[in-house]
Ligand SMILES: *Cc1c(COP(=O)(O)O)cnc(C)c1O
């Protein structure tokens with residue numbers, strides 16, 4: 001077994017907080033007893049240990065709900081945002097189809113599903129899967145700033161629309177969509193509204209009490225919680241109905257069968273509690289780090305371009321196109337002490353440049369010269385200084401080598 005790098009001077013600087021965040025030490029501490037001391041199945045309510053595990057799960061569920069202004073019973077625990085997005089989109093569509101006279105999408109008045117070109121793959125692929133079942137996908141473009149223009153949505157949504165799915169915060173360029181306006185437009189036509197809030201939770205305020213979102217996806221490992229656990233908020237008033245993806249024991253009100261991983265749920269609850277109490281503080285401090293990092297890098301890299309809307313963005317994200325015919329892969333190879341990425345973690349194994357960057361109008365060469373930087377809760381000022389210096393040097397050495405070729 002290979003060991004992870006130990007903390008110390010040579011530990012790589014982690015600036016990839018969009019791919020995942022390090023678990024907060026308080027999250028790890030909260031989880032530990034539920035691995036070691038009480039490992040019971042929270043559904044085993046016939047005995048003491050099972051009931052204690054159930055209580056811990058329900059306390060965590062209440063914390064997750066509080067983060068987004070929901071009620072605990074509106075929270076369905078899942079394995080992560082991928083599953084939550086699949087359950088929201090396919091679940092809503094398939095439930096609607098099951099109510100049609102012929103039990104299929106063909107018999108539905110509303111069978112249009114609207115989403116956006118810059119969504120996470122799990123949203124786009126879920127919508128595409130539904131096309132094969134008779135639903136009509138509509139993929140809307142975004143502007144060069146990465147935002148969905150509300151007028152573009154208004155023109156697309158009507159009485160034939162079943163569901164609108166627009167992410168709250170983009171995982172590559174960090175832009176924040178105007179959800180209150182987009183939800184209001186969708187509601188005029190009576191469509192359901194889903195949002196993938198995996199990158200938004202803990203970074204910007206989310207309140208399903210103030211904005212009538214019907215379905216909202218969360219992932220614990222994007223907010224300093226454990227990997228392998230997430231949640232789907234499902235509105236109860238008015239009630240949103242879903243068809244489950246999994247058949248089984250009927251846990252989570254029949255919407256998600258399978259034994260709840262109590263330690264992960266407890267960790268998620270603790271991460272949500274910390275995010276609710278400290279998210280705003282984090283955001284302010286992280287914005288300071290971002291400004292410091294960007295100023296240092298811009299001073300060393302003239303012509304560096306920041307992608308995505310300048311103001312409507314989360315504080316930890318920088319999506320940067322390097323000038324001079326740069327190659328992002330080469331920059332990363334020349335700066336192994338800095339962990340950044342060229343795009344989303346899920347598609348960065350692919351050779352294709354980011355479809356998100358193409359959707360905001362970047363040419364292929366510019367997309368290939370682009371790095372995503374994600375600053376997080378545990379990034380120190382010394383780390384951003386050093387990372388800026390290392391990346392600037394890596395850029396300089398790789399472009400001058402190219403020029404010499
Ligand atoms: C990470 C991420 C996902 C996937 O979440 P998992 O919990 O890893 O399945 C979905 N959408 C967005 C925007 C993400 O950033």
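Here are some notes:
- Its alpha carbons considered, the range 127-187 gives a radius of gyration followed by a Dmax of 12.3, 33 Å.
- Stretch gain in nm, segment residue 102-residue 35, where the contour uses 0.36 nm per residue and the Cα spacing is subtracted: 19.3 nm
- With Cα atoms, 0 to 90° folded angle of helix 48-67 axis to the chain main axis: 60 degrees
- Cα-projected label distance for residue 159 with residue 329, points at 7 Å along beta-carbon direction, nm: 5.3 nm
- Label-to-label distance, nm, for residues given as residue 278 and residue 73 (7 Å Cα→Cβ offset): 3.3 nm
- Quick note on the range 191-271: its Rg to Rh ratio, both from C-alpha atoms and Rh being the Kirkwood radius, is 0.97.
- Relative contact order of the range 87-226, defined on C-alpha pairs under 8 angstrom at six or more residues apart (%): 21 percent
- Length added when fully stretched, residue 188-residue 400, from 0.36 nm per residue minus Cα-Cα: 70.8 nm
- 10 °C / 1.306 mPa s Stokes-Einstein diffusion coefficient of the range 1-157, Kirkwood radius on C-alpha pairs, µm²/s: 79 µm²/s
- By average C-beta atoms within 10 angstrom, highest first, the peptides 199-207, 301-309: 199-207, 301-309
- Principal-axis tilt of helix 262-300 within the chain, Cα atoms, nearest 10 degrees: 30 degrees
- Dimensionless Rg ratio for the chain, taking C-alpha atoms and the 2.2 N^0.38 Å reference: 1.02
- Between the range 228-286 and the range 163-180, the alpha-carbon centres lie 19 Å apart.
- Length, then width, then depth: along the principal axes, the Cα atoms of the range 5-78 run 51, 32, 18 Å.
- Between 0 and 90°, nearest 10: helix 381-404 axis offset from the chain longest Cα axis: 60 degrees
- Spin-label pair residue 181/residue 26, simplified geometry with 7 Å Cα→Cβ offset, distance in nm: 3.5 nm
- Fraction of the pair-distance distribution of the range 291-403 above 18 Å, Cα-Cα pairs, percent: 47 percent
- log10 of Debye I(q)/I(0), alpha-carbon scatterers only, for the range 240-335 at 0.20 Å⁻¹: -1.01
- Each residue of the range 121-274 gets 128 Å³ once the volume of the Cα convex hull is shared out per residue.
We did not get these values from a lab; they are worked out from the coordinates using the rules stated. In this text the structure is predicted, and so the values were computed from the model without any measurement. Note that each Cβ is placed from the backbone with ideal geometry, even for glycine, and that neighbours are counted across all protein chains shown.
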